[in-house]
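First the structure, in the form of structure tokens, and then the observations on it.
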Amino acid sequence: MDLGIGPVATMVEEYLKQMAAERALTHVRSGMILGLGSGSTAAYFINMLGERIRSGSLQDIQAVPTSEKSAQQARQLNIPLTSLAKQPVIDLAVDGADEVDPDLNLIKGLGKALLREKIVEIHAAKLVIIVDETKLVSQLGTKAPLPVEITPFEHAAHMRWLESLGCKVSIMLDKDEQPVMTDNGNYLVCCRFVGGILDPVALSRILADRPGIVEHGLFLNMADQVIVSGTQGITIMDKEA
């Protein structure tokens, strides 16, 4: 369902994000090591987690954040933080996504944290993705651009190479029209493929092999469950065994 545009649509979308975050919280048990995602939907989950810890309904929780922003939010809520060096296995990671296809493959990273998200979430025993229904697509790349993290060194050359793959490339800029810097000190570019990404697996391999391409926002075969919040309620998409 198209939520439209304007203040009312924005309020509905934010409410749906909260619903999805609340449902994800039912997976959390005391004593867990959690991966904390980044972005607006994950922020709702972190807030709710902090409330449960403060109330005492959840205890002995430790969390590995996927961005400096998520880490700061967790500290403000007194959520104990740890690292993969100390906790190499994460019980549960919860994060949002920019797109979800029917096979639970994702585009993530428009919130500028794709590299750290992928590092943390590859260590999770279970990855739960929380989205509103507008994020569902039949094919990746049909709504959202693919974010790609690149080195500042010779970034124009990396962008030119990316365009040779058949996409239109633009660099993310801040309010001062300067390139956005990720937490890792790199640039982020958006790749738009007309008609979507025909072969995400092949594209991910091509990107992984290219010097100067630090990481990409294709999260393939990683999500175990997607919680979709819609105007008709919650839908659960589970990974096939």
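Taking into account only those residues within the range 116-138 that are outside any loop (DSSP other than H, G, I, E, B) and of a type in the set (Lys, Arg), which is farthest from Ala71 (Cα to Cα)? First the steps, then the outcome.
First, the residues of the range 116-138 that are outside any loop (DSSP other than H, G, I, E, B): 116-121, 124, 127-136.
Still in the running and of a type in the set (Lys, Arg): 116, 118, 135.
Numbers: Arg116: 12, Lys118: 16, Lys135: 25 Å.
Looking at residues that are outside any loop (DSSP other than H, G, I, E, B) and of a type in the set (Lys, Arg), I get Lys135.
Considering the range 23-75, the residues that are β-branched (Val, Ile, Thr), in contact with a strand residue (DSSP E or B) (Cβ under 7 Å, 6 or more places away or on another chain) and under 22 Å from Met222 (Cα atoms) include one that is modelled with the lowest pLDDT, namely Thr41.
Within the range 1-115, considering only helices (runs of 4 or more DSSP H) that don't extend past its boundaries, which have at least 2 residues that are of a type in the set (Lys, Arg) and out of contact with any helix residue (DSSP H, G or I) (no Cβ under 6 Å at 6 or more places or on another chain)?
Values: elements: 7-24, 40-55, 68-76.
Passing ranges, in order: 40-55, 68-76.
Considering only residues that are surrounded by fewer than 20 Cβ atoms within 10 Å (Cβ to Cβ) and in contact with a strand residue (DSSP E or B) (Cβ under 8 Å, 6 or more places away or on another chain), which ones fall in the range 170-185? Don't jump to the end; show me each part of the working.
Let us first name the residues in the range 170-185 that are surrounded by fewer than 20 Cβ atoms within 10 Å (Cβ to Cβ), namely 170-181, 183-185.
If the condition is that a residue be surrounded by fewer than 20 Cβ atoms within 10 Å (Cβ to Cβ) and in contact with a strand residue (DSSP E or B) (Cβ under 8 Å, 6 or more places away or on another chain), then Ser170, Ile171, Met172, Leu173, Pro179, Val180, Met181, Asn184 are the ones that fit.
This table checks each residue for (1) outside the structural domain of Met48 (by TED's automatic domain parsing); (2) of a type outside the set (A, V, I, L, M, F, W, C); (3) over 24 Å from Asp103 (Cα atoms); (4) out of contact with any helix residue (DSSP H, G or I) (no Cβ under 9 Å at 6 or more places or on another chain).
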site: Glu121; (1), (2), (3), (4): no, yes, no, yes
site: Ala125; (1), (2), (3), (4): no, no, no, yes
site: Val128; (1), (2), (3), (4): no, no, no, no
site: Ile150; (1), (2), (3), (4): yes, no, yes, no
site: Phe153; (1), (2), (3), (4): yes, no, yes, yes
site: Ala156; (1), (2), (3), (4): yes, no, yes, yes
site: Ser164; (1), (2), (3), (4): yes, yes, yes, yes
site: Asp174; (1), (2), (3), (4): yes, yes, yes, yes
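I want to confirm something. Restricting to the range 223-241 and keeping residues that are part of a loop (DSSP other than H, G, I, E, B) and farther than 30 Å from Asn184 by Cα, which single residue is modelled with the lowest pLDDT? In this case the residue turns out to be Ala241. Cβ-Cβ distances below 6 Å connect the following pairs, each with a first residue in the range 183-199 that is over 12 Å from Cys167 (Cα atoms), a second residue that is among the charged types (D, E, K, R) and exposed (fewer than 15 other Cβ atoms within 10 Å of the Cβ), and a separation of six or more residues or different chains: Asp183/Glu68. If the condition is being of a type in the set (Gly, Ala, Ser), more than 17 Å from Lys239 (Cα to Cα) and touching a residue at least 40 places away in the same chain (Cβ under 8 Å), then the range 68-109 contributes Ser70, Gly109. Restricting attention to the range 99-106, does a residue exist that is under 17 Å from Asn184 (Cβ atoms) and either of a type in the set (Phe, Trp, Tyr) or crowded, with 24+ Cβ neighbours inside 10 Å (or both)? Scanning the range 99-106, I find no residue that is under 17 Å from Asn184 (Cβ atoms) and either of a type in the set (Phe, Trp, Tyr) or crowded, with 24+ Cβ neighbours inside 10 Å (or both), so the answer is no.
Might you check whether a residue that is loosely packed, with under 15 Cβ neighbours inside 10 Å and out of contact with any Gly (no Cβ under 8 Å at 6 or more places or on another chain) occurs anywhere in the range 60-73? Yes: one or more hits.
Conditions (1) farther than 15 Å from Leu110 by Cβ; (2) modelled with pLDDT under 95; (3) β-branched (Val, Ile, Thr); (4) not in a loop (DSSP other than H, G, I, E, B), marked per residue:
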position	(1), (2), (3), (4)
Leu140	no, no, no, no
Phe153	yes, no, no, no
Trp161	yes, no, no, yes
Asn184	yes, no, no, no
Ala202	yes, no, no, yes
Ile206	yes, no, yes, yes
Val214	yes, no, yes, yes
Asn221	yes, no, no, no
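Does the range 118-144 hold any residues that are closer than 17 Å to Leu207 by Cα and either in contact with a Phe, Trp or Tyr (Cβ under 8 Å, 6 or more places away or on another chain) or surrounded by 24 or more Cβ atoms within 10 Å (Cβ to Cβ) (or both), and which are they? I'd like the intermediate steps shown before the answer.
Residues of the range 118-144 closer than 17 Å to Leu207 by Cα: 118-119, 140-141.
Once the filter is applied, which keeps residues that are closer than 17 Å to Leu207 by Cα and either in contact with a Phe, Trp or Tyr (Cβ under 8 Å, 6 or more places away or on another chain) or surrounded by 24 or more Cβ atoms within 10 Å (Cβ to Cβ) (or both), the range 118-144 yields Lys118, Leu140, Gly141.
The values are calculated or read from the model by the stated rules, or taken from the named source; none is laboratory data. This structure is a prediction, so every number in the text was calculated from the model and none was measured. Cβ sites come from the backbone with ideal geometry, for glycine too, and all protein chains shown count toward neighbours.
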